[in-house]
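Asks: Have a look at the structure that comes next, please.
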Amino acid sequence: MSAARRLLIVGGIALALLGMIYGVWYAVFAEHQELDGISKSLATSFSAAAKRDSATSGAAMGEYRELKYAYDRHVDVHGHWIGLAMILLVLGIGFNRMGFSEQNKMFLATALVLGSFLFPLGVLLQTLSRGPVPQVLAVAGSALVIASLAGMAVGFARQRG
Amino acid sequence: MAEVQSRSNEAALDVARAAFAAMSARRLLTLGGIGLILVGMLVGDIFAVFVLHQNAAKVGEGLSATAHAAVAGDADAVAGSFQSVGSFLENRGTKVDTHVHMIAFGYLALMLAILQPWVALRGGTRKKLAWVFLVGSWLLPVGVFLIHYVGLAYSPLTTIGWASIFADLGGVVVIVATLGYLLGIGRHLRQAQRAPSQDGLLEDRSVTGRILLAGGLTLVLLGFVHGGYYAAFDLYRHEALDYSLLSEMSIAAGARNVAAVDSALGWYGQLVGEKAVNIAAHAHAIEFGVLAMLLAFFQPYVSLRETWKRAWAWVLLLGSLVLPVFVLLELRLGLVAGGIADVGGLLVILSLLAMWIGIVRYTGEIDAMAPPAGGRRG
């Protein structure tokens, strides 16, 4: 098995494990709490509006915004880590069909594995910090994924017989 | 020399036949996996046509009732309306989960089928694990589908019903089977003198396989580019709008301004639709891309003429492109685009069914033409 192929398969399994372990943690310790919080804050906001209590209504709506922001990102991280792991595994299995030199294959595989790890990590860090660093990480990670996938598509198209 | 060659050919043929024999683990997982994806896609299509839009309308009505109850100053009615919205969301969520889990388990089954030569377990054990995997893969989505209808009836627990219990059991069964295969792969890797894996599936270089692999990867790439564009230009705007429209609704309800409430409700409905089509287009392009790439590996076992195999591969890729593109165009073109997107889904289902039938028809004739073990096919 070539080094690039091994990197994709081992990286894919590691990323899938990371995504699943994160998913279990999230399901047990965060998901239900966040969903309950989203539902309750919306209900509280409209109930307060019915009682003409605009201060409570506004505060509850603010709480909803924060919870929804975190919930969307937590779910995205789980889905993207596992989805990207699947792509790494499938590409790893078929990597010997690519019409590139071993060096180029290794370069593309490294970029894809790195991007697949960094992109969801950047999204996850956005729940902890609203600064530019997590956003830069997510953008850089997704750019690596897109560029390496484009390179691999060319490599598969080039392969003959 | 000729006798040695002949024996070697026979040995290779025996191995190939055993690898994809009528009830072998690989065949069970391949046919079961494609079957799961087929049924999952059919469920998705039926759900999209008969449930999704009606359910979205009911959720919208529920939210409208909530806002109008707040306008009327009726806090109890607000709570009641939220409960009905929750019920509609549960109905929608369980159907989406059924669709998604069937397809995801189908992908996993295909992946496990590819990995069979690396699983160092007895044939019988691998076959039993395949059955266990398939039973769990059906139990979970069927259980999830029934959650909305069974509820807490006769349940020994206060928050989880029987349907949820059986769905969770299905998940555990799938995990056990997958762990069993992983154990087998671990054993294979630990074997000091393991034979090099000769596998016709991975050595195939047919044109159809290459079309599916390159086409699938292109679809994945398109899905990512669209996802990146959405994240860069629309995601934060949508998040801000989600908050501001709900906030506007709540403030207008407090001020008894019915016109402002209705206006915010209208905009909110449009926003939800915009988010949904973007996410669906992104997810479907990537999922269909992965499906095409997985199916590329199974082309040697699709017992159809080469021209038909190629045609079905193109049909699959065409449908895989049409569905997400026209889902995205639904906001501009309305139901016409929705209909064309459904036709795209149907094309994927038809090509998948054709490949499934081709694999059922396979009796080993491709392996019969194989050179001796260690040789390569073009």
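Only the coordinates and a few stated rules stand behind these numbers; no lab work does. Model, not experiment: these values are computed from the prediction. Here the Cβ is made from the backbone with ideal geometry for all residues, glycine too, and neighbour counts use every protein chain on show.
Asks: Set Lys and Arg Cβ to +1 and Asp and Glu Cβ to -1, take the dipole of the protein assembly as shown about its Cα centre, and tell me which of B:LEU183, A:VAL28, A:LEU124 lies farthest positive.
Replies: B:LEU183
Asks: Let me have the 222 nm mean residue ellipticity of chain A computed from DSSP H runs of 4+ only, each contributing -39500 (n - 2.57), with the sum over all residues rounded to the nearest 500. Intermediate values should be presented prior to the final figure.
Replies: On the way: 5 runs with 134 residues, N = 161.
One gets -29500 deg cm²/dmol as the mean residue ellipticity at 222 nm.
Asks: For the stretch B:205-371, just list the percent of Cα-Cα distances falling in each 10 Å bin from zero outward, please.
Replies: 10, 29, 24, 17, 11, 6, 3, 1, 0
Asks: Other chains' Cβ within 10 Å of B:207-218 residues: what's the mean?
Replies: 5
Asks: Tell me, what is a quarter of the convex hull surface for the C-alpha atoms of the protein assembly as shown, in nm² with one decimal? Write down the numbers at each step before the final one.
Replies: On the way: hull surface 107.0 nm².
Convex hull of Cα atoms, orientation-averaged projection: 26.7 nm².
Asks: Need one number: convex hull volume per residue for chain B, Cα atoms only, in Å³. Walk me through the intermediate numbers first.
Replies: Numbers: hull volume 60.6 nm³, N = 378.
Cα convex hull per residue, to the nearest whole number: 160 Å³.
Asks: Cα-based count: Lys pairs in the protein assembly as shown below 17 Å, eight or more positions apart or different chains? Please report the intermediate quantities before stating the final value.
Replies: Values: A:LYS40/A:LYS51; A:LYS40/A:LYS68; A:LYS68/B:LYS275; B:LYS58/B:LYS95.
The number of close lysine pairs in the protein assembly as shown is 4.
Asks: State, to one decimal in nm, how far the label point of B:VAL315 lies from the label point of B:LEU169, with both points 7 Å from Cα in the Cβ direction.
Replies: Once both label points are built, they end up 3.9 nm from each other.
Asks: Could you work out the relative contact order of chain B? I mean the mean sequence separation of Cα pairs under 8 Å and 6+ apart, divided by the number of residues, in percent. All intermediate terms of the calculation are to be shown ahead of the outcome.
Replies: On the way: 484 pairs, mean separation 80.6, N = 378.
RCO, chain B: 21 percent.
Asks: Just want the answer: with Cβ charges of +1 for Lys and Arg and -1 for Asp and Glu, which residue in B:LEU115, A:SER101, B:SER244 is farthest toward the dipole's positive end in the protein assembly as shown?
Replies: A:SER101
Asks: Shifting gears a bit: Any idea how far apart B:GLU306 and B:ARG187 come out in nm if each label point goes 7 Å out from Cα toward Cβ?
Replies: 4.0
Asks: What is the dipole size for the protein assembly as shown, taken about its Cα centre, with +1 at each Lys and Arg Cβ and -1 at each Asp and Glu Cβ, in debye to the nearest 20? Please report the intermediate quantities before stating the final value.
Replies: On the way: 39 positive and 34 negative charges, 411 e Å.
Here the protein assembly as shown has a charge dipole of around 1980 debye.
Asks: Follow-up question, since we're still on this one. Would you mind working out the magnitude of the charge dipole of chain B relative to its Cα centre, with +1 at each Lys and Arg C-beta and -1 at each Asp and Glu C-beta, to the nearest 20 Debye? It would help to have the intermediate numbers written out before the result.
Replies: Numbers: 26 positive and 25 negative charges, 338 e Å.
About 1620 debye.
Asks: Suppose the chain between B:LEU353 and B:MET23 were pulled fully straight at 0.36 nm per residue; how much longer would it get relative to their current alpha carbon spacing? Please list the in-between numbers first.
Replies: Working: separation 330, 0.36 × 330 = 118.80 nm, distance 1.94 nm.
Additional length available on full extension: 116.9 nm.
Asks: Which whole-angstrom value gives the distance between the alpha carbon centres of the stretch B:283-310 and the stretch A:96-115?
Replies: The two parts, judged by their Cα centres, are 23 Å apart.
Asks: So if R0 is 51 Å, what FRET efficiency would B:VAL132 and B:GLU61 give, r being the distance between their Cβ atoms, rounded to the nearest 0.05?
Replies: Values: r = 44 Å, r/R0 = 0.86.
Using R0 = 51 Å, I get an efficiency of 0.70.
Asks: Could you give the distance between the Cα centres of the stretch A:1-42 and the stretch B:128-166, to the whole Å?
Replies: One Cα centre to the other: 23 Å.
Asks: What distance in nm separates the simple spin-label points at B:PHE50 and A:ASP36, each placed 7 Å from Cα in the Cβ direction?
Replies: Taking the simple label geometry, B:PHE50 and A:ASP36 are separated by 3.6 nm.
Asks: Could you sort A:36-42, B:158-164 so that the peptide with the highest average Cβ count within 10 Å comes first and the rest follow in order? Display every interim value, and only then the final one.
Replies: Numbers: A:36-42: 17.3, B:158-164: 15.4.
Listed from highest to lowest mean packing, they are A:36-42, B:158-164.
Asks: Kindly provide the trypsin sites (Lys or Arg not before Pro) of the stretch B:263-334 that DSSP labels as loop, not H, G, I, E or B, and whose Cβ sees at most 10 other Cβ atoms within 10 Å.
Replies: On the way: sites: B:LYS275, B:ARG305, B:LYS309, B:ARG310, B:ARG332; in loops: B:ARG305.
Loop-located and lightly packed - B:ARG305.
Asks: Averaged over peptide A:32-44, how many Cβ atoms belonging to another chain are found within 10 Å of each residue's Cβ? It would help to have the intermediate numbers written out before the result.
Replies: Details: counts 0, 0, 0, 0, 0, 0, 0, 5, 1, 0, 7, 9, 2.
Going residue by residue through A:32-44 and averaging, the value is 2.
Asks: To continue, here is another question. Within the stretch B:101-173, report the trypsin sites (Lys or Arg not before Pro) that DSSP leaves as loop and that have at most 11 other Cβ atoms within 10 Å.
Replies: Here the sparse-neighbourhood loop sites are B:ARG122.
Asks: Which listed residue (B:VAL71, A:TRP81, A:ALA55) has the Cα farthest towards the positive end of the charge dipole for the protein assembly as shown, taking +1 on Lys and Arg C-beta and -1 on Asp and Glu C-beta about the Cα centre?
Replies: Most positive-ward Cα: A:TRP81.
Asks: Related question: Per residue of B:241-249, what is the mean number of Cβ atoms on other protein chains within 10 angstrom of that residue's Cβ?
Replies: Working: counts 0, 5, 7, 2, 0, 7, 7, 1, 4.
Mean shielding by partner chains, rounded to a whole number: 4.
Asks: Using 0.36 nm per residue of separation minus the Cα-Cα distance, give me the extension gain between B:ILE160 and B:VAL343 in nm, one decimal.
Replies: On the way: separation 183, 0.36 × 183 = 65.88 nm, distance 3.80 nm.
Full-extension gain reported as 62.1 nm.
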